[in-house]
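Novice: I have a structure here, written as structure tokens, and I will follow up with some questions on it.
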Amino acid sequence: MSTVTTTREPLIRISKRGGVLPAWKSWGIRLIGLALSLVVCGLLIVALIGINPLKVYGTIIDGALGTSKRTWVTIRDSMTMLCIAVGLAPAFKMRFWNIGAEGQILVGGIATAACMIYLKSLPTFLLLIIMIAVSLLAGAVWGFLPGFFKAKWNTNETLFTLMMNYIALQLTSFFVAKWETPYGSNKVGMINATGHEGWLPNLFSDGFNKDFGWNVVIVLAVTLFMYLYMNKSKHGYEIAVIGDSENTARYAGIRVNKAYVRTIVLSGAICGLAGFIAVSGASHTISTSTAGGRGFTAIIVAWLAQFNSVVMIIFSFLLIILEKGAQAIASQYGLSQEVSEMITGIILFFILGSEFFVNYTLRFRGKKVTK
Amino acid sequence: MESVCAIKMENITKRFGSIVANKGINLELREGEILSLLGENGSGKTTLMNMLSGIYFPDEGQIYVHGKPVTIASPKDAFDNGIGMIHQHFKLVDVFTATENIVLGLEDEGKLDLKAASRKVKEICDKYGFDIDPDQKIYDMSVSQKQTVEIVKVLYRGADILILDEPTAVLTPQETDKLFAIMRAMKADGKSLIIITHKLHEVLDVSDRVAILRKGEYIGDVATKDANQQSLTDMMVGRSVSLNIDRPTPVNVKPRLVIENVTAYDELGVKRLDDVSFTINAGEVLGIAGVAGSGQKELLESIAGLYPVASGKITYFGPENDKPRELVGLDPMSIRKNGICMSFVPEDRLGMGLVGTMGMTGNMMLRSWRKGKGLFVNRKEPEELANRIWKDLEVVTPSTNFPVRRMSGGNVQKVLVGREIAQAPSVLMTAYAVRGLDINTSYTIYNLLTEQKMKGVAVVYVGEDLDVLLELCDRLVILCGGQVSGVVDARAITKEEVGLLMTQHRKEDAAE
């Protein structure tokens, strides 16, 4: 028999929120989460290095947006990130774990670089169109293979796409060796550095040497297209149903295997296009670090935004600003890159954690629940 | 001396967000009685019992066990207080024996002595007349035996208050009788029992007293001897309800689907359908009876093109007397493209019939998304349909975009059934169409099905409540272990006869 004889409520209980929170409340919770993360980071900064955290935050902002050049670089990198995230979203929404964006970016980049090298005599407009087409195609092929194998033999797409990354990486090494200039440097260097053939042209006035305006236009166009595709099209509806339950999809007459292949081809193609953006629109060269882990970071962006293409814009910027800012504080205060990555980690942790409080609430002992 | 109650719940309130699941409930379980807890789905029965078994913690109120105030904050607290709950879904390890499952999780001092445990299990079984072998593996057991293991498990732990959550849902009438005999034996031994059920005749059969909940509130209690089906229903629903199902004589009956020698295997190669043959007629309600898991799910999914058929034929005869079409080998999209409008309410609502993360509108689109030319989906018509069902079937939801997975089970079912009937189908298949619905809505659904039948639709009704099957259907197909053990006229057979067929294999029949 029990030794407990009086009612004792547990100290803290977790209970689910009834109904849906109004938008201002849920975004309020997320903002509080962000604010708290800055406070915790601040305490950590003081404890570890004894610098005024506000100064550090200032440096982050300054590092990312301090000058017009920095701002443009931040915008440029955010757009590349956004492009990858928008490409990954349909696959992940369908619960197809495409962790092969790295490879898809690289093959898109290789295809772009090849066009720049071998077709530079073509007129600029035609050349750019061809470059876009082949980068899309290259990424699509890289997506098709794991998609086809999954549909046909139910292979594990996570392992498959991961291994495709290594193939793409080796392929990149091969082409870097083939195209290296100067000979023996093991680097491709700026492709068409003098004539700028196959470089995305300036859209606005030439602020420094590039303004990356076309990057923004292309990526936002893709984002808008994917927003409509995911939310308004029949294909988008199929993706949403499959992601929720494959059985329901079959019940509704959706041909699941066909949708898998189609969606992963699209996903790969857009990641391939990101390779084009990275090569033609930003670095103008190709190397094994052209993808540089962005294929993985973009997964975080896609999930944080819950696959909403428009919300991904915000998270792309947030992550890139944090990244640029982290580099700035690392160099300014002589810190290692790891300290700044800790800060990024803490902020992400709080953002993810706030989702919990959007769905659940804590109740404390003794507090009467109000209706 | 005033008798002390085994359990006394005083002023218990439990909220989930803004929903009040239990509101100021006072419930008493007297020593040595069987109490039925009766209420429609969503009336808060399970929530209330989960507070006794330590799964939820009440927001307000006090629980007394044998007169002493207690705190039950975890299932362990419940056990310490001698309360054991037998859940609807068994929590057993398949590859373990009965004894191993029973001692699992017990923290006894010293070495685990399985032999002694097995002996103790045997003693308990002998005492109450349980029919299980302590050393048998769970996967070798029937559903009713598994349930028995669950009961022995709580008795082994010394429970003297037992709560059974809808224990008869998975049993045949004969097994139910056996369970009730056991419950009476336990009562004779001084145990106190609560049984949750919504089958009225069972309430009248087994309990001493009935407590009724409605919409989270305690309505009252009556001695069983003073109650009858009608009076209990009225208390449960809050107004007078007619309990008769109108069953008009079928007109213009003709074969719609002819199923011949269908055999199907699951992914593991286990035979799920074994040489099944029968005819589904247009203008008739065909009932399919059987113990849960006898092949009902596989049968309906085979017809719908969702389950691979190994051999046999399923032939469709359209309403326009056009040429018969073979359905085996067609997927749902091909069936649709052949102009066959087949509605299907699957058993697994959120896992097959609906998309949990979407609202009503998104779920209406499951049937219409392919319609219309162009790349974009039409949301307007589904939206209208959603609004119509929302109103007509009184679905409780804040909006047509509120995710259906967050609705209550009954409302989810309304959305699904409403959509399927709105298809204007030529075949309407339903698996447990009223599971989770309150009595009133259940009768609405029965009437809707009958209405479809009179329109010349071939209606298939897979059910678990034999009384309803016998009242609603024109013919019954009885499944047992994947075989058809009988095709009978529902107007000319008794419940007991159906119960026998449910456990009797055709092969044995043939041997007679």
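The values are calculated or read from the model by the stated rules, or taken from the named source; none is laboratory data. The model shown is predicted, which means the values in this text are computed figures rather than measured ones. Glycine gets a Cβ as well: all are built from the backbone with ideal geometry, and neighbour counts include every protein chain shown. Quick note on the areas: whole protein, heavy atoms, side chains included, nothing else; ligands and nucleic acids left out. Shrake-Rupley method; radii C 1.70, N 1.55, O 1.52, S 1.80 Å.
Novice: Taking the stated definitions as given, is A:Ile277 without any contact (Cβ under 8 Å) to a residue 24 or more places away in the chain and buried (at least 23 other Cβ atoms within 10 Å of the Cβ)?
Specialist: No, not satisfied.
Novice: Do you know which residues across segment A:220-245 are of a type in the set (Ser, Thr, Tyr) and facing chain B (nearest Cβ under 10 Å)?
Specialist: Residues satisfying the conditions are A:Tyr229, A:Ser233, A:Tyr237, A:Ser245.
Novice: In addition: What residue, of A:Ile264, A:Ile313, is within 20 Å of A:Asn215 (Cα to Cα) and either aromatic (Phe, Trp, Tyr) or buried (at least 20 other Cβ atoms within 10 Å of the Cβ) (or both)?
Specialist: A:Ile313
Novice: Ok, one more. So, in segment B:403-430, how many residues would count as being closer than 13 Å to B:Asn363 by Cβ, crowded, with 19+ Cβ neighbours inside 10 Å and touching a residue at least 40 places away in the same chain (Cβ under 8 Å)?
Specialist: The total comes to 8.
Novice: While we're on this one: Among (1) more than 14 Å from chain A (Cβ to nearest Cβ); (2) closer than 17 Å to B:Tyr446 by Cα; (3) not hydrophobic (A, V, I, L, M, F, W, C), where does B:Gly409 come up short?
Specialist: Among (1) more than 14 Å from chain A (Cβ to nearest Cβ); (2) closer than 17 Å to B:Tyr446 by Cα; (3) not hydrophobic (A, V, I, L, M, F, W, C), the lone unmet condition for B:Gly409 is (2).
Novice: Tell me yes or no: at least one residue of segment B:473-489 is buried (at least 17 other Cβ atoms within 10 Å of the Cβ), of a type in the set (D, E, K, R) and either touching a Pro at 6+ places or on another chain (Cβ under 8 Å) or under 23 Å from B:Gln229 (Cβ atoms) (or both).
Specialist: Yes - at least one qualifying residue is present in segment B:473-489.
Novice: What's the total number of residues in segment B:52-86 that are aliphatic (A, V, I, L, M), open to solvent by less than 20 Å² (accessible area, probe 1.4 Å), outside any strand (DSSP E or B) and away from chain A (no Cβ under 12 Å)?
Specialist: 1
Novice: Does A:Lys258 satisfy the criteria of being of a type in the set (D, E, K, R) and within 14 Å of chain B (Cβ to nearest Cβ)?
Specialist: Values: of a type in the set (D, E, K, R): yes; within 14 Å of chain B (Cβ to nearest Cβ): yes.
Yes: the conditions hold for A:Lys258.
Novice: Name the single residue, out of those in segment B:361-402 being of a type in the set (D, E, K, R) and open to solvent by less than 100 Å² (accessible area, probe 1.4 Å), that is nearest to B:Asp348 (Cα to Cα).
Specialist: Filtering first and then ranking leaves B:Arg367.
Novice: Of the residues that sit in segment B:18-30 and are under 11 Å from B:Ile194 (Cα atoms) and not hydrophobic (A, V, I, L, M, F, W, C), which one is nearest to the chain's Cα centre (by Cα)?
Specialist: Ranking the candidates gives B:Glu28 first.
Novice: Could you say whether any residue in segment B:6-29 is aliphatic (A, V, I, L, M), open to solvent by less than 20 Å² (accessible area, probe 1.4 Å), away from chain A (no Cβ under 14 Å) and in a helix (DSSP H, G or I)? Steps first, please.
Specialist: Initial filter on segment B:6-29 (aliphatic (A, V, I, L, M)): B:6-7, B:9, B:12, B:19-21, B:25, B:27, B:29.
Subset that is open to solvent by less than 20 Å² (accessible area, probe 1.4 Å): B:6-7, B:9, B:12, B:21, B:25, B:27, B:29.
Retained after the next criterion (residues that are away from chain A (no Cβ under 14 Å)): B:25, B:27, B:29.
From what's left, in a helix (DSSP H, G or I): none.
No, because not a single residue in segment B:6-29 is aliphatic (A, V, I, L, M), open to solvent by less than 20 Å² (accessible area, probe 1.4 Å), away from chain A (no Cβ under 14 Å) and in a helix (DSSP H, G or I).
Novice: For the subset of segment B:311-349 comprising residues that are open to solvent by 60 Å² or more (accessible area, probe 1.4 Å) and within 29 Å of the chain's Cα centre (by Cα), which member is nearest to the other protein chains (Cβ to nearest Cβ)?
Specialist: Checked segment B:311-349; the qualifying residue nearest to the other protein chains (Cβ to nearest Cβ) is B:Asp348.
Residues checked against (1) surrounded by 20 or more Cβ atoms within 10 Å (Cβ to Cβ); (2) of a type in the set (Gly, Ala, Ser):
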residue: A:Asn186; (1), (2): no, no
residue: A:Ala193; (1), (2): no, yes
residue: A:Leu200; (1), (2): yes, no
residue: A:Leu203; (1), (2): no, no
residue: A:Asn215; (1), (2): yes, no
residue: A:Phe225; (1), (2): no, no
residue: A:Gly236; (1), (2): yes, yes
residue: A:Val241; (1), (2): yes, no
residue: A:Ala249; (1), (2): yes, yes
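Novice: Restricting attention to segment B:368-398, and to residues there that are polar (S, T, N, Q) and either part of a helix (DSSP H, G or I) or under 21 Å from B:Lys215 (Cα atoms) (or both), which single residue is modelled with the highest pLDDT?
Specialist: Across segment B:368-398, the extreme among qualifying residues is B:Asn387.
Novice: Then there is this: Looking at segment A:337-365 only, could you name the residues that are modelled with pLDDT of 75 or more and not in a helix (DSSP H, G or I)?
Specialist: A:Tyr360, A:Thr361, A:Leu362
Novice: Check B:Asp131 against each of (1) open to solvent by 20 Å² or more (accessible area, probe 1.4 Å); (2) outside any helix (DSSP H, G or I); (3) modelled with pLDDT of 85 or more and name the one condition it does not meet.
Specialist: Answer for B:Asp131: the failing condition is (3).
Novice: Could you tell me whether segment B:308-323 includes any residue that is aliphatic (A, V, I, L, M), over 29 Å from A:Ala249 (Cβ atoms) and not in a helix (DSSP H, G or I)?
Specialist: No, segment B:308-323 contains no residue that is aliphatic (A, V, I, L, M), over 29 Å from A:Ala249 (Cβ atoms) and not in a helix (DSSP H, G or I).
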